[in-house]
Amino acid sequence: MAADLTEPEQIPLTELDAAFAAIMSEIVDTGVAPHYAELAVTLGITPIRAKALVKRVIDLTPGWLHPGTDYIASFPPFNNQPTQYRVSIDGEQRWFAQCAFEALAIRWLVPGQTVTVDAPCLLGGDPLRIVMRDEEILLMDPPEMAGYTRSVVGGDAATRPFR
Amino acid sequence: MNLFRSEEDARNWEEYDHRMSHLVRPVEWWADTFSAPMFRERGRSDFISWLTGPEASGTFAELRERMSPPRPDVRATTAAASALSKVDLSVVDGASADDRSVERSLMTVWPAAVQVEIARHWRNTARAMIVAIPAEPLPDVDQQLWTETRRSAVRDVQAATGWLARADVRAGDVRLTHRLAQMGWQGEVADQPAWTAMEQSARAILKCQALAELT
């Protein structure tokens with residue numbers, strides 16, 4: 001029997017490891033994070049247990065659920081809810097990044113594959129493109145592109161939808 | 001966290017907050033930042049165990065430190081690196097080992113806040129560019145070819161120092177060597193005087209970073 005379903009901090013790390021890996025694998029493969037009922041099937045557990053795992057994993061990582069629901073909205077580096085950071089892997093656009101900077105970390109999940117990030121500049125709307133593969137930045141257009149956040153990285157959960 | 005066409009665009013954004021001005025950074029800097037272990041390790045099967053363990057705790061502290069506001073002396077050192085990388089190439093044409101034109105040119109763009117000791121090391125860096133690459137060609141080398149080689153070497157030094165400024169390299173960092181290797185400074189080239197200049201520049205830069213961290 002698994003640990004107490006109602007005590008998130010009592011959930012064994014091995015279960016959380018499995019849940020995190022399954023969600024990440026699904027979103028890397030399809031561009032979409034699974035619902036907890038789908039995760040239950042993947043892990044061979046009950047939906048209510050999968051729901052508890054999703055909530056705990058989200059608590060431990062810089063993602064979030066859509067407010068008032070059990071839907072995964074953000075699972076960094078990806079976003080389940082579309083953002084302006086459209087991500088293509090080996091030429092196929094199927095993914096969205098949580099933010100500009102998490103977009104730069106997607107390459108670590110797809111070794112050897114080419115990751116392209118397309119986004120508009122927030123000031124003037126000009127198209128911006130970054131192409132990466134593993135350790136290399138293959139293209140940055142325009143070259144003088146800059147990143148900025150006014151949010152404190154590592155701040156409390158309320159600041160997670162960084163701006 | 002967002003992308004902008006340029007640093008100027010980021011500062012003109014309606015939601016720009018000057019209290020977080022230290023986080024207007026080139027994309028290369030952000031790419032380095034998001035290369036930290038906590039981002040690279042997400043593909044492992046025991047990620048949550050790793051994330052809640054002591055190793056991840058250390059890397060998260062490093063990440064927060066990297067993104068915290070720099071002290072004024074560190075900021076000045078980074079500004080100095082940018083200044084050096086922008087010195088007009090023409091000032092090294094024909095400059096001899098005791099020529100001060102590079103220094104003088106550098107001083108015109110020097111940030112006012114640079115401390116004396118740090119400034120001294122930066123002047124040494126600038127001089128390394130002209131001292132170790134002789135203005136007069138070796139007897140068996142064509143003058144025009146030598147001049148172009150010299151300019152090319154200085155251009156590479158500037159590219160490297162500009163990158164160092166953007167990447168916020170710290171003392172003991174080995175990425176400079178990798179960067180120079182990417183630029184073709186390897187093999188037989190490593191025996192040339194310009195390579196020595198590059199190494200001297202690198203050492204001076206790292207020394208400056210160390211001084212800035214200590215002061």
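Key figures
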item	result
Lone unmet requirement of (1) β-branched (Val, Ile, Thr); (2) within 13 Å of chain B (Cβ to nearest Cβ); (3) free of Cβ contacts under 8 Å to residues at least 24 places away in the same chain for A:THR69	(2)
Residue in the stretch B:32-43 that is within 7 Å of another protein chain (Cβ to nearest Cβ) and over 22 Å from A:VAL115 (Cα atoms) present	no
Which numbered condition A:ASP118 misses (of (1) farther than 15 Å from B:ARG5 by Cβ; (2) in contact (Cβ under 8 Å) with a residue 12 or more places away in the chain)	(1)
Filtered residues of the stretch A:27-45 (kept if surrounded by 14 or more Cβ atoms within 10 Å (Cβ to Cβ) and part of a helix (DSSP H, G or I))	A:ILE27, A:VAL28, A:TYR36, A:GLU38, A:LEU39, A:ALA40, A:THR42, A:LEU43
Subset of the stretch B:16-44 (residues that are open to solvent by 40 Å² or more (accessible area, probe 1.4 Å) and closer than 30 Å to A:VAL57 by Cβ)	B:ASP32, B:PRO37, B:ARG40, B:GLU41, B:GLY43, B:ARG44
Some residue of the stretch B:1-19 being at pLDDT below 90, assigned to a helix (DSSP H, G or I) and under 25 Å from the mean Cα position of the chain (by Cα)	yes
Residues that are part of a loop (DSSP other than H, G, I, E, B), open to solvent by less than 40 Å² (accessible area, probe 1.4 Å) and more than 8 Å from every other protein chain (Cβ to nearest Cβ), drawn from the stretch A:97-150	A:GLN98, A:VAL110, A:THR114
Residues of the stretch A:56-75 that turn out to be touching a Lys or Arg at 6+ places or on another chain (Cβ under 8 Å) and either assigned to a loop (DSSP other than H, G, I, E, B) or open to solvent by 10 Å² or more (accessible area, probe 1.4 Å) (or both), as a count	5
Residues that are open to solvent by 60 Å² or more (accessible area, probe 1.4 Å), more than 8 Å from chain A (Cβ to nearest Cβ) and touching a helix residue (DSSP H, G or I) at 6+ places or on another chain (Cβ under 8 Å), drawn from the stretch B:45-62	B:GLU55
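The values are calculated or read from the model by the stated rules, or taken from the named source; none is laboratory data. Predicted model, so just to flag it, every value in this text is computed and none were measured. Methodologically, a virtual Cβ is constructed for each residue, glycine included, from the backbone with ideal geometry; neighbour enumeration extends over all protein chains shown. Only protein heavy atoms, including side chains, enter the accessible area calculation; ligands, DNA and RNA are left aside. Shrake-Rupley method; radii C 1.70, N 1.55, O 1.52, S 1.80 Å.
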